[in-house]
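Working notes, beginning with the structure itself.
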Amino acid sequence: MFSGSTDPGREPLEGRLPAGQFEIGKDGAGLLVVGFDGSAPSRNALAYAAGLARRDGATLLVAFVEPINSTTLWFFAGSPIIPDSAADLTDDLRDELKGAGVPWQFVSVRGDTARELETLASSYRADAIVVGRSRSSWHALTGSVAVGLAKRARRTVLIVP
């Protein structure tokens with residue numbers, strides 16, 4: 001269960017994070033899911049979410065989604081092995097959130113990014129999902145994560161430029 005520190009816990013996430021619990025008369029967010037892949041837009045989203053979390057006394061659930069079609073996925077004896085992408089991002093997160101004063105947890109999952117972020121937000125009853133805006137012209141044709149979330153999500157989606 002989440003330890004409440006400002007460093008990721010060692011135990012697996014189960015159930016709901018304490019900061020996301022419903023309180024009568026509480027304004028603001030309790031739990032924010034943030035999509036983070038180390039890109040500049042995701043760093044902007046993380047910075048915005050950290051500021052919002054600090055002001056609202058919320059917790060961040062920072063999520064890295066390894067795309068199913070990723071070329072970084074290798075197979076060994078029939079089992080998928082994801083290289084150190086997630087481990088590298090954990091170090092980046094520590095640097096980015098150092099001194100932010102907000103509790104956070106990092107999770108890494110595989111799948112469609114928009115769908116997985118919504119699934120995490122639903123599982124933990126998050127108040128909002130925060131993502132960075134896509135800067136790729138390719139996404140104008142294929143659709144970006146932000147647009148996919150805005151169409152599909154059942155909660156507030158904040159798209160940070």
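The values are calculated or read from the model by the stated rules, or taken from the named source; none is laboratory data. On a predicted model such as this, the values are computed, not experimentally measured, just so you know. Cβ coordinates were reconstructed from backbone atoms using ideal geometry, including for glycine residues, and neighbour counts include every protein chain displayed.
Consider Thr90 carefully, then state whether it is in a helix (DSSP H, G or I), of a type in the set (Val, Ile, Thr) and at pLDDT 90 or above. Answer is no for this residue. Filtering segment 83-106 to residues that are in contact with a Pro (Cβ under 9 Å, 6 or more places away or on another chain) and under 15 Å from Gly38 (Cα atoms) leaves Thr90, Leu93, Arg94, Phe106.
Just to be sure, is Asp95 at pLDDT 70 or above, surrounded by 15 or more Cβ atoms within 10 Å (Cβ to Cβ) and not aliphatic (A, V, I, L, M)? So Asp95 does not fit the description; no.
In this structure, Thr119 qualifies as farther than 18 Å from Ser39 by Cα, of a type in the set (Val, Ile, Thr) and at pLDDT 80 or above. Looking for something touching a strand residue (DSSP E or B) at 6+ places or on another chain (Cβ under 8 Å), modelled with pLDDT of 80 or more, in a loop (DSSP other than H, G, I, E, B) and crowded, with 17+ Cβ neighbours inside 10 Å - is there at least one such residue anywhere in segment 4-21? So far as segment 4-21 goes, no, none of its residues is touching a strand residue (DSSP E or B) at 6+ places or on another chain (Cβ under 8 Å), modelled with pLDDT of 80 or more, in a loop (DSSP other than H, G, I, E, B) and crowded, with 17+ Cβ neighbours inside 10 Å.
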